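Here's the structure we're looking at; comments come further down.
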Amino acid sequence: MYNPYGNAAEQQQQQQQRQFVGQQNLQHPQPQHAAFQPPPQQFNGVAPTQGGSTAYTSFLNDPAASLATQFARSGFEQSNQYIQQNFGQFLPTTTNDLKYYFQVSNSYVVKKLFLILFPYRNKNWNRLNLQDATGDSSSPNSQQYAPPNLDVNAPDLYIPLMSFVTYILLWAAFQGLKGDFHPQLFGYLSSQTLAFSFLDISIFKIGLYLLNCSSQASLWDLVGFSGYKYVAIIVLLCWKHLISDGWLTYYPIVLLLIANLAVFLMRSLRFIILPNLTSGTTTITVKQRRIRVQFLFIYSVIIQGLIILFMSR
(Lines give C-alpha, C1' and ligand atoms only; values in the text may rest on other atoms or scores of the structure.)
Protein backbone atom coordinates (compact mmCIF):
# COMPACT_ATOMS: atom_id res chain seq x y z
CA MET A 1 0.00 0.00 0.00
CA TYR A 2 1.50 3.37 -0.97
CA ASN A 3 2.45 5.66 1.90
CA PRO A 4 3.48 9.12 0.71
CA TYR A 5 4.57 10.27 4.18
CA GLY A 6 6.87 7.36 4.58
CA ASN A 7 8.65 8.13 1.31
CA ALA A 8 9.07 11.75 2.31
CA ALA A 9 10.58 10.78 5.65
CA GLU A 10 13.01 8.38 4.02
CA GLN A 11 14.02 11.05 1.46
CA GLN A 12 14.69 13.57 4.25
CA GLN A 13 16.78 11.03 6.19
CA GLN A 14 18.84 10.19 3.11
CA GLN A 15 19.42 13.90 2.39
CA GLN A 16 20.74 14.46 5.95
CA GLN A 17 23.11 11.50 5.57
CA ARG A 18 24.47 12.92 2.28
CA GLN A 19 25.13 16.36 3.92
CA PHE A 20 27.01 14.74 6.85
CA VAL A 21 29.20 12.75 4.48
CA GLY A 22 29.92 15.89 2.41
CA GLN A 23 31.05 17.85 5.47
CA GLN A 24 33.49 15.11 6.47
CA ASN A 25 34.91 15.01 2.95
CA LEU A 26 35.62 18.79 3.08
CA GLN A 27 37.86 18.44 6.20
CA HIS A 28 41.08 17.09 4.62
CA PRO A 29 43.78 15.98 7.08
CA GLN A 30 46.81 18.34 7.38
CA PRO A 31 50.13 16.74 6.28
CA GLN A 32 52.67 16.22 9.11
CA HIS A 33 56.28 17.04 8.02
CA ALA A 34 59.33 15.89 10.00
CA ALA A 35 61.51 18.63 11.57
CA PHE A 36 64.54 19.68 9.42
CA GLN A 37 67.87 18.54 10.84
CA PRO A 38 71.17 19.80 9.28
CA PRO A 39 73.72 17.22 8.28
CA PRO A 40 76.44 16.58 10.88
CA GLN A 41 79.69 18.53 10.38
CA GLN A 42 83.04 16.85 10.42
CA PHE A 43 85.30 17.95 13.37
CA ASN A 44 88.65 19.28 12.08
CA GLY A 45 90.45 19.63 15.43
CA VAL A 46 89.71 23.38 15.96
CA ALA A 47 86.93 24.26 18.35
CA PRO A 48 84.51 26.83 16.89
CA THR A 49 84.71 30.16 18.69
CA GLN A 50 83.26 33.60 18.24
CA GLY A 51 84.62 36.16 15.77
CA GLY A 52 88.04 35.61 14.18
CA SER A 53 89.54 33.57 17.04
CA THR A 54 89.49 30.43 14.94
CA ALA A 55 91.55 32.02 12.18
CA TYR A 56 93.97 33.52 14.74
CA THR A 57 94.43 30.13 16.43
CA SER A 58 95.01 28.48 13.07
CA PHE A 59 97.66 31.13 12.27
CA LEU A 60 99.49 30.48 15.53
CA ASN A 61 99.41 26.74 14.95
CA ASP A 62 100.79 27.16 11.45
CA PRO A 63 104.41 25.82 11.29
CA ALA A 64 105.37 28.51 8.76
CA ALA A 65 104.16 31.29 11.06
CA SER A 66 106.06 29.82 14.02
CA LEU A 67 109.23 29.61 11.92
CA ALA A 68 108.84 33.23 10.79
CA THR A 69 108.30 34.40 14.39
CA GLN A 70 111.40 32.55 15.57
CA PHE A 71 113.45 33.99 12.71
CA ALA A 72 112.28 37.53 13.51
CA ARG A 73 113.12 37.11 17.21
CA SER A 74 116.59 35.80 16.35
CA GLY A 75 117.22 38.71 13.98
CA PHE A 76 116.12 41.24 16.61
CA GLU A 77 118.44 39.74 19.21
CA GLN A 78 121.39 39.79 16.82
CA SER A 79 120.76 43.41 15.80
CA ASN A 80 120.41 44.44 19.47
CA GLN A 81 123.69 42.72 20.31
CA TYR A 82 125.42 44.46 17.39
CA ILE A 83 124.13 47.88 18.48
CA GLN A 84 125.27 47.32 22.08
CA GLN A 85 128.74 46.21 20.94
CA ASN A 86 129.34 49.05 18.48
CA PHE A 87 127.21 51.90 19.82
CA GLY A 88 126.80 50.94 23.48
CA GLN A 89 129.04 53.77 24.64
CA PHE A 90 126.75 56.32 22.99
CA LEU A 91 123.53 54.93 24.42
CA PRO A 92 122.38 54.65 28.03
CA THR A 93 122.45 51.08 29.27
CA THR A 94 119.64 51.59 31.75
CA THR A 95 117.11 54.25 32.54
CA ASN A 96 119.13 55.12 35.65
CA ASP A 97 121.84 56.59 33.40
CA LEU A 98 119.47 59.29 32.22
CA LYS A 99 117.81 59.72 35.61
CA TYR A 100 121.21 60.71 37.00
CA TYR A 101 121.33 63.78 34.73
CA PHE A 102 117.84 64.92 35.72
CA GLN A 103 118.36 64.76 39.50
CA VAL A 104 118.28 68.52 39.94
CA SER A 105 116.82 70.93 42.46
CA ASN A 106 115.84 74.58 42.41
CA SER A 107 118.97 75.62 44.26
CA TYR A 108 121.14 73.66 41.83
CA VAL A 109 119.54 75.32 38.80
CA VAL A 110 120.06 78.81 40.23
CA LYS A 111 123.68 78.08 41.18
CA LYS A 112 124.41 76.49 37.81
CA LEU A 113 123.01 79.40 35.83
CA PHE A 114 125.01 81.82 37.92
CA LEU A 115 128.11 79.64 37.43
CA ILE A 116 127.69 79.63 33.64
CA LEU A 117 127.26 83.40 33.39
CA PHE A 118 129.77 84.37 36.13
CA PRO A 119 132.28 81.55 36.64
CA TYR A 120 134.99 83.58 38.36
CA ARG A 121 133.85 83.17 41.95
CA ASN A 122 133.98 79.38 41.93
CA LYS A 123 137.19 78.11 43.49
CA ASN A 124 136.76 74.34 43.34
CA TRP A 125 135.97 72.80 39.93
CA ASN A 126 136.58 69.18 40.87
CA ARG A 127 133.61 66.81 40.81
CA LEU A 128 132.60 65.18 44.07
CA ASN A 129 132.16 61.49 44.71
CA LEU A 130 128.94 60.24 46.21
CA GLN A 131 130.82 59.41 49.40
CA ASP A 132 132.18 62.95 49.71
CA ALA A 133 128.77 64.49 49.01
CA THR A 134 126.72 62.32 51.38
CA GLY A 135 129.35 61.12 53.86
CA ASP A 136 128.08 57.53 53.50
CA SER A 137 130.91 55.11 52.73
CA SER A 138 128.82 51.97 53.15
CA SER A 139 126.99 52.45 49.85
CA PRO A 140 128.22 50.19 47.02
CA ASN A 141 128.13 53.19 44.64
CA SER A 142 130.00 55.54 46.94
CA GLN A 143 132.90 55.88 44.48
CA GLN A 144 130.67 57.14 41.68
CA TYR A 145 130.18 60.80 40.94
CA ALA A 146 127.56 62.66 42.93
CA PRO A 147 124.36 63.65 41.10
CA PRO A 148 123.80 67.28 40.08
CA ASN A 149 121.60 68.12 43.06
CA LEU A 150 124.55 67.32 45.34
CA ASP A 151 127.37 68.75 43.22
CA VAL A 152 127.13 72.01 41.28
CA ASN A 153 130.08 70.96 39.08
CA ALA A 154 128.27 67.85 37.81
CA PRO A 155 126.79 68.06 34.30
CA ASP A 156 123.04 67.75 33.86
CA LEU A 157 120.57 67.56 30.98
CA TYR A 158 117.75 69.58 32.51
CA ILE A 159 119.24 73.02 31.89
CA PRO A 160 120.40 72.20 28.31
CA LEU A 161 116.99 70.77 27.41
CA MET A 162 115.01 73.66 28.89
CA SER A 163 117.32 76.26 27.37
CA PHE A 164 117.11 74.52 23.99
CA VAL A 165 113.30 74.71 23.98
CA THR A 166 113.32 78.26 25.37
CA TYR A 167 115.73 79.40 22.67
CA ILE A 168 113.46 78.10 19.88
CA LEU A 169 110.31 79.63 21.37
CA LEU A 170 112.02 82.93 22.14
CA TRP A 171 113.57 83.24 18.69
CA ALA A 172 110.21 82.50 17.05
CA ALA A 173 108.48 85.06 19.30
CA PHE A 174 110.95 87.79 18.34
CA GLN A 175 110.47 86.94 14.68
CA GLY A 176 106.71 87.26 15.19
CA LEU A 177 107.15 90.71 16.71
CA LYS A 178 108.95 91.76 13.55
CA GLY A 179 106.20 90.24 11.37
CA ASP A 180 108.36 87.43 9.94
CA PHE A 181 106.76 84.50 11.75
CA HIS A 182 105.46 81.46 9.83
CA PRO A 183 104.64 77.92 11.04
CA GLN A 184 107.61 76.35 9.23
CA LEU A 185 109.91 78.41 11.44
CA PHE A 186 109.83 75.88 14.29
CA GLY A 187 110.93 72.98 12.11
CA TYR A 188 113.66 75.01 10.41
CA LEU A 189 115.08 76.35 13.66
CA SER A 190 114.88 72.98 15.45
CA SER A 191 116.74 71.15 12.67
CA GLN A 192 119.35 73.91 12.47
CA THR A 193 119.94 73.88 16.22
CA LEU A 194 120.21 70.09 16.34
CA ALA A 195 122.68 70.19 13.44
CA PHE A 196 124.90 72.68 15.28
CA SER A 197 124.72 70.59 18.45
CA PHE A 198 125.69 67.45 16.54
CA LEU A 199 128.59 69.31 14.90
CA ASP A 200 129.73 70.68 18.25
CA ILE A 201 129.77 67.27 19.94
CA SER A 202 131.39 65.60 16.91
CA ILE A 203 134.27 68.10 16.91
CA PHE A 204 134.94 67.47 20.58
CA LYS A 205 134.73 63.66 20.22
CA ILE A 206 137.11 63.73 17.23
CA GLY A 207 139.51 65.89 19.20
CA LEU A 208 139.44 63.44 22.11
CA TYR A 209 140.17 60.58 19.71
CA LEU A 210 143.06 62.35 17.99
CA LEU A 211 144.57 63.43 21.30
CA ASN A 212 144.20 59.88 22.68
CA CYS A 213 142.32 61.07 25.75
CA SER A 214 141.31 57.99 27.70
CA SER A 215 138.49 59.52 29.71
CA GLN A 216 135.61 57.84 31.51
CA ALA A 217 133.22 60.65 30.60
CA SER A 218 130.10 59.48 28.80
CA LEU A 219 128.45 61.01 25.78
CA TRP A 220 125.76 62.55 27.96
CA ASP A 221 128.41 64.56 29.80
CA LEU A 222 129.42 66.11 26.48
CA VAL A 223 125.78 66.74 25.56
CA GLY A 224 125.25 68.53 28.84
CA PHE A 225 128.33 70.75 28.57
CA SER A 226 127.56 71.49 24.93
CA GLY A 227 124.02 72.57 25.77
CA TYR A 228 125.04 75.18 28.33
CA LYS A 229 125.82 77.67 25.57
CA TYR A 230 122.08 78.16 24.99
CA VAL A 231 121.94 80.03 28.29
CA ALA A 232 124.32 82.67 26.91
CA ILE A 233 122.43 82.73 23.60
CA ILE A 234 119.12 83.39 25.38
CA VAL A 235 120.67 86.30 27.30
CA LEU A 236 122.02 87.75 24.04
CA LEU A 237 118.64 87.45 22.32
CA CYS A 238 116.88 89.23 25.16
CA TRP A 239 119.52 91.94 25.25
CA LYS A 240 119.40 92.46 21.49
CA HIS A 241 115.61 92.61 21.07
CA LEU A 242 114.56 94.15 24.38
CA ILE A 243 117.37 96.48 25.44
CA SER A 244 119.67 97.56 22.64
CA ASP A 245 121.09 96.16 19.41
CA GLY A 246 123.67 98.87 18.75
CA TRP A 247 127.21 97.70 18.23
CA LEU A 248 128.51 99.86 21.08
CA THR A 249 126.29 98.08 23.61
CA TYR A 250 125.65 94.72 21.97
CA TYR A 251 129.08 93.45 20.98
CA PRO A 252 130.72 94.11 24.35
CA ILE A 253 128.01 91.94 25.93
CA VAL A 254 128.69 89.29 23.27
CA LEU A 255 132.39 89.23 24.03
CA LEU A 256 131.74 89.17 27.77
CA LEU A 257 129.36 86.20 27.57
CA ILE A 258 131.66 84.29 25.22
CA ALA A 259 134.59 84.85 27.57
CA ASN A 260 132.57 83.75 30.61
CA LEU A 261 131.30 80.63 28.84
CA ALA A 262 134.83 79.82 27.67
CA VAL A 263 136.15 80.03 31.23
CA PHE A 264 133.33 77.83 32.45
CA LEU A 265 133.94 75.18 29.75
CA MET A 266 137.71 75.18 30.13
CA ARG A 267 137.43 74.68 33.89
CA SER A 268 134.66 72.07 33.60
CA LEU A 269 136.14 70.03 30.71
CA ARG A 270 139.56 69.99 32.25
CA PHE A 271 138.93 66.63 33.93
CA ILE A 272 138.17 65.12 30.49
CA ILE A 273 141.08 66.61 28.53
CA LEU A 274 143.75 66.57 31.21
CA PRO A 275 144.27 63.64 33.60
CA ASN A 276 144.26 63.99 37.34
CA LEU A 277 147.86 64.56 38.21
CA THR A 278 147.32 63.78 41.88
CA SER A 279 146.22 60.21 41.19
CA GLY A 280 149.36 59.30 39.27
CA THR A 281 147.52 56.75 37.13
CA THR A 282 148.10 58.56 33.83
CA THR A 283 151.13 60.54 32.77
CA ILE A 284 151.49 62.80 29.74
CA THR A 285 154.42 64.70 28.38
CA VAL A 286 154.76 68.45 28.37
CA LYS A 287 154.14 68.58 24.61
CA GLN A 288 150.96 66.51 24.89
CA ARG A 289 149.71 68.71 27.69
CA ARG A 290 150.35 71.86 25.66
CA ILE A 291 148.49 70.45 22.64
CA ARG A 292 145.53 69.45 24.77
CA VAL A 293 145.35 72.87 26.38
CA GLN A 294 145.43 74.49 22.95
CA PHE A 295 142.62 72.24 21.72
CA LEU A 296 140.56 73.03 24.81
CA PHE A 297 141.11 76.76 24.21
CA ILE A 298 140.12 76.52 20.53
CA TYR A 299 137.01 74.53 21.33
CA SER A 300 135.87 76.71 24.26
CA VAL A 301 136.62 80.10 22.74
CA ILE A 302 136.64 79.96 18.94
CA ILE A 303 134.16 77.19 18.16
CA GLN A 304 131.68 78.13 20.86
CA GLY A 305 132.06 81.82 20.04
CA LEU A 306 131.28 81.28 16.35
CA ILE A 307 128.24 79.18 17.19
CA ILE A 308 126.94 81.80 19.63
CA LEU A 309 127.42 84.63 17.13
CA PHE A 310 125.55 82.74 14.41
CA MET A 311 122.67 81.50 16.55
CA SER A 312 122.07 84.87 18.24
CA ARG A 313 121.96 86.83 15.00
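The values are calculated or read from the model by the stated rules, or taken from the named source; none is laboratory data. Since the model is a prediction, treat every value here as computed from it, not as a measurement. Note: ideal-geometry Cβ built from the backbone for every residue, glycine included; neighbour counts use all protein chains shown.
A few notes on this one:
- Scope the range 267-284; condition modelled with pLDDT of 85 or more and more than 17 Å from residue 204 (Cβ to Cβ); matching residues: none
- Residue match in the range 204-213 (condition: among the polar types (S, T, N, Q) and part of a loop (DSSP other than H, G, I, E, B)): yes
- The set of residues from the range 186-243 being surrounded by fewer than 17 Cβ atoms within 10 Å (Cβ to Cβ), of a type in the set (Phe, Trp, Tyr) and under 22 Å from the mean Cα position of the chain (by Cα) comprises 186, 188, 196, 198.
- Residue in the range 244-261 that is surrounded by the most Cβ atoms within 10 Å (Cβ to Cβ), counting only those that are at pLDDT below 90 and either touching an Asp or Glu at 6+ places or on another chain (Cβ under 9 Å) or hydrophobic (A, V, I, L, M, F, W, C) (or both): 247
- Matching option when the condition is assigned to a helix (DSSP H, G or I), surrounded by 13 or more Cβ atoms within 10 Å (Cβ to Cβ) and within 32 Å of the chain's Cα centre (by Cα), among 291, 308: 308
- When residue 246 is tested against (1) within 33 Å of the chain's Cα centre (by Cα); (2) over 24 Å from residue 103 (Cα atoms), exactly one condition is not met: (1).
- Any hit, the range 133-148, residues being more than 15 Å from residue 100 (Cα to Cα), at pLDDT below 90 and assigned to a helix (DSSP H, G or I): yes
- The single condition among (1) charged (D, E, K, R); (2) outside any helix (DSSP H, G or I); (3) buried (at least 16 other Cβ atoms within 10 Å of the Cβ) that residue 180 does not meet is (3).
- Condition met for residue 114 (over 25 Å from the mean Cα position of the chain (by Cα) and at pLDDT 85 or above): yes
- Within the range 163-177, tally of residues that are surrounded by fewer than 15 Cβ atoms within 10 Å (Cβ to Cβ) and closer than 17 Å to residue 233 by Cβ: 3
- Meets criteria (modelled with pLDDT of 95 or more and assigned to a helix (DSSP H, G or I)) for residue 264: yes
- Test: residue in the range 164-173 that is under 21 Å from residue 272 (Cβ atoms), assigned to a helix (DSSP H, G or I) and among the small types (Gly, Ala, Ser): no
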